[in-house]
Each structure stands twice: as structure tokens, then as C-alpha cells.
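To start, the structure under review is shown below, and the notes come after it.
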């Protein structure tokens with residue numbers, strides 16, 4: 001049981017690091033190329049794997065939910081972001097709103113990354 005809790009914590013940390021990097025990694029010149037790869041892998045998971053598993057599919061969430069289920073948690077949402085926001089606020093935030101804000105935020109940082117890594121470089 002302790003190993004499942006440790007694994008759950010590791011998945012949470014991994015999720016938070018990926019989300020944080022996807023949101024902020026475009027800022028620093030030294031991480032811009034890696035950021036572009038990160039958002040492309042995330043988009044590939046959400047859209048390409050999403051063809052088979054449902055749009056927005058994240059294997060890390062899938063694995064973490066398997067661990068949480070073994071720990072006795074039930075009725076887990078599709079979204080890690082919704083799960084964390086609900087946990088932090090104590091509210092049941094509308095999943096459509098969370099998905100919309102997530103998608104808009106992701107689109108903005110992806111466009112910024114494409115601009116900084118591809119379009120802006122061609123200009124120089």
C-alpha cells in the first residue's frame with residue numbers, strides 16, 4: 001500500500017512538472033526547443049492517442065488513475081487538472097470549463113512555441 005501512495009505521489013509530481021513546463025517552458029531561450037517537443041508530444045497524446053482512447057487522453061493520467069483505484073478512490077474525472085482543482089478548492093468545478101481553459105491555455109503556449117522556435121527563427 002505504501003508503494004502505491006509513493007507511486008501516486010510520483011505521478012502527481014510528474015504531472016505538475018509537465019503541466020508547468022508546458023505552460024512556462026517557452027519563456028526561457030534555453031528551453032524553447034524542448035518546450036516545442038513537449039507540447040507536440042502532449043498534443044500527440046491528446047489527439048492521436050485520443051483517436052483510440054478518447055480526445056484528451058493522457059497515459060500518465062491513465063496509469064495514475066489505475067493506482068488511485070487500487071488505493072480505493074472512485075469516480076475519478078477524466079482530467080488530472082479537474083481532479084487537482086477540485087481537491088484544492090473543495091468544489092466540484094464544471095469539467096467542461098476546466099477542459100476549455102486547459103485547451104485555450106495549451107493552444108496559446110503551443111502557438112507561442114511555434115512562433116518562437118520556427119517563425120521567429122526564419123525571420124533572423
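Assorted remarks:
- Shape of the range 6-63, Cα gyration tensor, a/c cut at 1.5: oblate
- Highest mean packing first, where packing is the average number of other Cβ atoms within 10 Å per residue, the peptides 95-105, 61-71 line up as 61-71, 95-105.
- A crude spin-label estimate for the pair residue 96 and residue 75, with each label 7 Å from Cα along the Cβ direction, gives 2.0 nm.
- Here residue 88 and residue 4 are evaluated by their C-beta separation; at R0 = 30 Å the FRET efficiency comes out at 0.85.
- When the helices of the chain are scored as -39500 (n - 2.57) per DSSP H run of n ≥ 4 and the total is divided over every residue, the value at 222 nm lands at -21500 deg cm²/dmol.
- Alpha carbon centroid spacing (whole Å) that separates the range 14-32 from the range 57-115: 17 Å
- Computed from Cα atoms alone, the Kirkwood hydrodynamic radius reported for the range 2-123 is 15.6 Å.
- For the chain, the longest principal axis of the Cα atoms and the long axis of helix 59-70 meet at an angle of about 10 degrees.
- Whole-number percent relative contact order across the chain, with pairs defined as alpha carbons under 8 Å at least 6 apart: 31 percent
Laboratory data are not the source of any read-out in this text; all were calculated from the coordinates shown. Everything quoted here is computed from the prediction, not taken from an experiment. A quick note on method: Cβ atoms are made from the backbone with ideal geometry, for glycine too, and the neighbour counts reach across all protein chains shown.
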